[in-house]
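Colleague: Okay, here's the structure, questions in a sec.
The values are calculated or read from the model by the stated rules, or taken from the named source; none is laboratory data. Bear in mind the structure is a predicted one, so any value in this text is a computation, not a measurement. Surface areas here come from the heavy atoms of the whole protein model, side chains and all, with no ligands, DNA or RNA. Shrake-Rupley method; radii C 1.70, N 1.55, O 1.52, S 1.80 Å.
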Amino acid sequence: NCVYRSLNKMNFITRLSALCVRKSKLQQRHQSGRRPAVPLGSRILTDPSKVFEHNMWDHMQWSQEEEENAREKAAENSLVKVHWEDQEILPEKMREKLKTEERSSEHTKINSIDSFSCKNEMFEEGKKYWKKNYGGGSTSVQGCVYNKTQAKSLTDNPQGKNCGEELGSLESFPGSDASYRILEVGCGAGNSVFPILKVLCNTPGTFLYCCDFSSGAVELVKSHSSYNSAWCSAFVHDVCDDALPYPFPDEILDVILLVFVLSTIHPDRMQGVVNRLAKLLKPGGMLLFRDYGRYDTTQLRFKKGHCLSENFYVRGDGTRVYFFTKDEVWNMFNLAGLTEVQNLVDRRLQVNRKKKVKMQRVWIQSKFQKPLLLPQNNLEETAESHPYI
């Protein structure tokens, strides 16, 4: 039934995303006796004298002194704000060029630490599970399940249209025949797109959407030899434009990847972006989020005069970046109607062994899920047994 399939898909998403978490036992960190609630890696620095033996150390627990020093540096570089009249939007062509270069750089230098291999592991591990449970070619749209040869209504939707009627109006959009759909927001030049496509091309019933503000970046994706419109649709999109429609209906996505994108958007517009993305998820769908955390080395290195507003900065090339707390992230996605599955601070020590430089990296990594909808008959039974609902 509809609920059973939705629960199966929810378990599928959870199992895939859980593969990002390495399960090896963790040694005790020398600064703290606490162990992280959710392991992200297993390289733990137990002997400070060996700090330059590796490029990265996981689960760094900051001391109270380190936390205070970081707070003071951020306060100091925020004293001088960029004048309001100088906070102009860059010319269109230059902005697109910068976004293309920045996204490519971010995904290569930072996100490559674990996200590329993580996504590949997620899809590779899910192949057998997906083929076993969803290999029949069914398509789920807005709580309804369709077969390729016959559309069957399981329950009426709020507008009074049944599933068959909805299917008829949605046949023309890219990926309409897919049974599992993914969207990557801010795909850049495709550094994450193509590892995913490598898996999708061998996984029947799956489809990837990817978008970016930069038309140049989208063209690079489309011109790549691995791009194929049979299982991917790349398109230009400004996520801040609420009036700009996506090339597919609401409530059809199983997964949304939002990686190092939200931090580039003005804080006043972030909630609107998250709200809109939440509408694209089907019940049980998952949004995977990763971005800069408060007091990351990147934030502390800004000089005076680069601060636009609290924890929001402009780089020398004109691109902007915000640094989140875990609570801020939870609040945004909660207001959008999504439920927390994971929300943690990923603290790591990045090391330049040649220059003997240590950098405290801080990222927020989260998973938020759209609540499942009960079938209409279950809702009626619930209302009968609970008259105040």
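Colleague: Determine the gain in length on full extension of the stretch residue 230-residue 317; use 0.36 nm per residue of separation and subtract their C-alpha separation, reporting nm with one decimal. Write out the running numbers ahead of the final one.
Modeller: Numbers: separation 87, 0.36 × 87 = 31.32 nm, distance 3.69 nm.
Length gained, residue 230 through residue 317: 27.6 nm.
Colleague: Now for a different question. List, in the order given, every pair from 73/303; 73/367; 279/370; 73/354; 326/356 whose Cα-Cα distance in the structure shown is over 20 Å.
Modeller: Working: 73/303 10 Å; 73/367 30 Å; 279/370 9 Å; 73/354 25 Å; 326/356 30 Å.
Long pairs (Cα-Cα over 20 Å): 73/367; 73/354; 326/356.
Colleague: Let me ask another. May I ask you to work out the translational diffusion coefficient for the stretch 184-226 at 25 °C, viscosity 0.890 mPa s, via Stokes-Einstein with Rh from the Kirkwood sum over Cα pairs, reported in whole µm²/s? Intermediate values should be presented prior to the final figure.
Modeller: Working: Rh = 10.6 Å.
Calculated translational D: 231 µm²/s.
Colleague: Ignoring ligands, DNA and RNA, what percent of the accessible area of the stretch 163-315 is carbon or sulfur (1.4 Å)?
Modeller: Working: 2630 of 5230 Å².
Heavy-atom surface of the stretch 163-315 belonging to carbon and sulfur, 1.4 Å probe: 50 percent.
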